[in-house]
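The values are calculated or read from the model by the stated rules, or taken from the named source; none is laboratory data. On a predicted model such as this, the values are computed, not experimentally measured, just so you know. Heads up, the Cβs are rebuilt from the backbone with ideal geometry, glycines too, and the neighbour counts pull from every protein chain shown.
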Amino acid sequence: MTKVGRTLALLAIAVTTIGCDRVTKHIAVTSLAGTPGRSFFADTVRLEYAENVGGFLSLGANLPPAVRTAIFKIGTGLILVGTLMAAAKLRLTGWPLVGLSLVWAGGGSNWVDRVTHGSVVDFLNVGFGALRTGVFNVADVAVMLGACILAGACRRPNRPPGSDEQRR
């Protein structure tokens, strides 16, 4: 793939991820806020509106507002900028770059919520019986998928074609 093609593909990943997250959050705000939660597929999927002022699984939600601002607005913004700089410096390609793009797009979309509204809209919950996830959104899915892709790509070193390790 050419450099222009790769750039367009990464841009498409980021724009699609952010666009899906923004649209689904808008739908959650307009159709779920102030209403009882909804259950689908024998209660496997629940749609319920929540505003999260903390981080993953509401961690840090009870911190003083100034500390939350420092961590979730300033800290996350710096991490997003640092991530772009690291990707450029490391000259990532292939799956690691795809994974990093998903992490960046999901994190960036949630960061925009924090900066503009002070919280992130969450609305999805999945599970079986008492075994359930926390409430999350599309950006969170992108971050987790990207992290899994990055972990898998980093775990599997590149091998030259035809090497013994590749044939096993």
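Remarks
- Scanning region 19-45 for residues that are surrounded by 11 or more Cβ atoms within 10 Å (Cβ to Cβ), farther than 29 Å from residue 101 by Cβ and either of a type in the set (A, V, I, L, M) or in contact with a His (Cβ under 6 Å, 6 or more places away or on another chain) (or both) gives a single hit, 33.
- Meets criteria (hydrophobic (A, V, I, L, M, F, W, C) and either touching a His at 6+ places or on another chain (Cβ under 8 Å) or under 17 Å from residue 98 (Cα atoms) (or both)) for residue 13: yes
- Hits in region 106-156 (condition: of a type outside the set (Gly, Ala, Ser), assigned to a loop (DSSP other than H, G, I, E, B) and surrounded by fewer than 20 Cβ atoms within 10 Å (Cβ to Cβ)): 133, 156
- Residue within region 115-128 that is touching a Ser or Thr at 6+ places or on another chain (Cβ under 9 Å), of a type in the set (Gly, Ala, Ser), farther than 20 Å from residue 22 by Cβ and at pLDDT 90 or above present: yes
So that you can scan it fast, the table gives a plain yes or no per residue for (1) surrounded by 12 or more Cβ atoms within 10 Å (Cβ to Cβ); (2) among the β-branched types (Val, Ile, Thr):
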position: 13; (1), (2): yes, yes
position: 17; (1), (2): yes, yes
position: 47; (1), (2): yes, no
position: 54; (1), (2): yes, no
position: 59; (1), (2): yes, no
position: 62; (1), (2): no, no
position: 72; (1), (2): yes, no
position: 83; (1), (2): yes, yes
position: 100; (1), (2): yes, no
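- Being in contact with a Phe, Trp or Tyr (Cβ under 8 Å, 6 or more places away or on another chain) and under 18 Å from residue 113 (Cα atoms) is true of residue 33.
- Selection status of residue 84, farther than 20 Å from residue 117 by Cα, part of a helix (DSSP H, G or I) and at pLDDT below 90: yes
- For first residues located in region 145-162 and closer than 13 Å to residue 92 by Cα and at pLDDT 65 or above, partners that are in a helix (DSSP H, G or I) and of a type in the set (D, E, K, R) and lie 6+ apart or on another chain with Cβ distances below 7 Å do not occur.
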